[in-house]
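Scroll down for the structure; my scribbles are underneath it.
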Amino acid sequence: MALPFMIRNSFKYVSMDTSKFSIKIVSEGFPQVLKIEDSGVYALKLIECHAMRIVDLTKLSEEKIAIIREKLAVDIFSELQ
């Protein structure tokens, strides 16, 4: 995530105790993006799955990303009508 990096960079001269906070990068069990242009679609779908408490992400695959992108585009477009 870029946010912790940006915060650390912005406040690098501020002295504060950060021992209570930690960053844990979890990649096990999450689909990995092969093409960088798919990262936004993956992020939206992961947020949606997390909100619905879906923990089985095995169906979220590189092969299905084009279909997911089209469905998201249709959903977003239909909400704007």
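Where a number appears in this text, it was derived from the coordinates with a stated rule and is not lab data. The shown structure was predicted, so the numbers you read here are calculated from the model rather than taken from an experiment. Every residue, glycine as well, gets a Cβ built from its backbone with ideal geometry; the counts of neighbours run over all protein chains shown.
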> Name the pairs whose Cβ atoms lie under 8 Å apart, with the first residue in region 25-48 and closer than 18 Å to Ala73 by Cα, the second in a loop (DSSP other than H, G, I, E, B) and hydroxyl-bearing (Ser, Thr, Tyr), and 6 or more positions between them or separate chains?
Replying inline: none
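When you scan the chain for helices (runs of 4 or more DSSP H) that lie fully inside it, which ones turn up with 3 or more residues that are among the small types (Gly, Ala, Ser)?
Correct list: 39-51, 65-80.
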> If you go through region 14-29 one residue at a time, how many are aromatic (Phe, Trp, Tyr) and in contact with a helix residue (DSSP H, G or I) (Cβ under 7 Å, 6 or more places away or on another chain)?
Replying inline: 0
> (1) aliphatic (A, V, I, L, M); (2) farther than 30 Å from Glu63 by Cα; (3) touching a Ser or Thr at 6+ places or on another chain (Cβ under 6 Å): which one isn't true of Met6, the others all being true?
Replying inline: (3)
> Scanning region 34-48 for residues that are surrounded by 15 or more Cβ atoms within 10 Å (Cβ to Cβ) and closer than 13 Å to Ala66 by Cα, which turns out farthest from the chain's Cα centre (by Cα)?
Replying inline: Asp38
